[in-house]
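See structure below.
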Amino acid sequence: MSTPTNPPNPGLTDADARLKIYLLPNLLTAANLFCGFLAITRIVEADLTDLEVYPRVIREALLYILLACIFDLFDGRVARMGGFESPFGREFDSLADIVSFGVAPAFLVHRIVLKDVFMKHPEVGWFIASLYVICGAFRLARFNCLAAMSGSGGGKYFLGIPIPMAAGMVASLTLFLLWLEEKEFSVGVWRYALPLILIFLSVMMVSEVKYPTFKKLDWRTQRPFVRTLIVVLLVGAVIVLWQKLLPFAAPLVFTAYLVYGLVRPWISRPMQKEIEVDDEPDDDESVSQSGNRPD
């Protein structure tokens, strides 16, 4: 009597067999995750009693978070430009994002502000920090679920502010406050605005406010001479003067993106298309419910 032969990998499905892991975009995602881990490490190592070393260590942590934002900005675009999109990339990107843009900023604000503000009631500080992390995780999970249910490419809009932009706003505002303290300006109660900003960003991440993805931006598109010259000069100024411009430019960029989503419904269609560099027909329903990565 012959015995049936089992397949060598009975748990391996057709989807597993087609799993694709592309090096370059996932390398950028790994760099994002690495920067998030370094940011958390520096925050843990910061000695609050050493007033000389403490600001430098916190500043390093903030720069790691902002650097993670840059890596996250490029990994999805590299994947789309090279045709390297895959479900693995989307899931890996979400795991990296929750560390770099969820845990790290929440831990940062708790360490430098919430711990002092709610000294008598530390559970309140824990709740505010955890609220940000949970809302960030919900936003990433919602994106991934919508992406899995949709068979089309990424849409033109995000539902809710992306978690990298929320983290970038927290990090850049904290960097700006540190700069003010170094210049011996009185920060005062403005330092305690960070917990309120953290709560507001938590709500915005799980909201249904539409934010442009800029995924359709075509770098080969021809633009007017004056506009191209302005962009080139701005990029050159940032490269040369980044240390002096970063405390000002970064908060302005992230705040402008946050505010734009709120005022966008009241902006005319032509102006929206101009700001969002959108040459496609209007379609308010093309929300980013799919696509490779929740940038």
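Return 134, 21, 112 ranked ascending by Cβ neighbour count within 10 Å, so the fewest neighbours appear first.
Least crowded to most crowded, the residues run 21, 134, 112.
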*Fewest first, what order do 66, 95 take by the number of other Cβ atoms within 10 Å?*
95, 66
*Show me 57-65, 85-93, 168-176 ranked by packing, highest mean number of other Cβ atoms within 10 Å first.*
168-176, 57-65, 85-93
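Coordinate-derived values only; no laboratory data. Remember, predicted model here, so these are calculated numbers, not experimental data. Because the Cβ atoms are built from the backbone with ideal geometry, glycine has one as well, and the counts that use them run over all protein chains shown.
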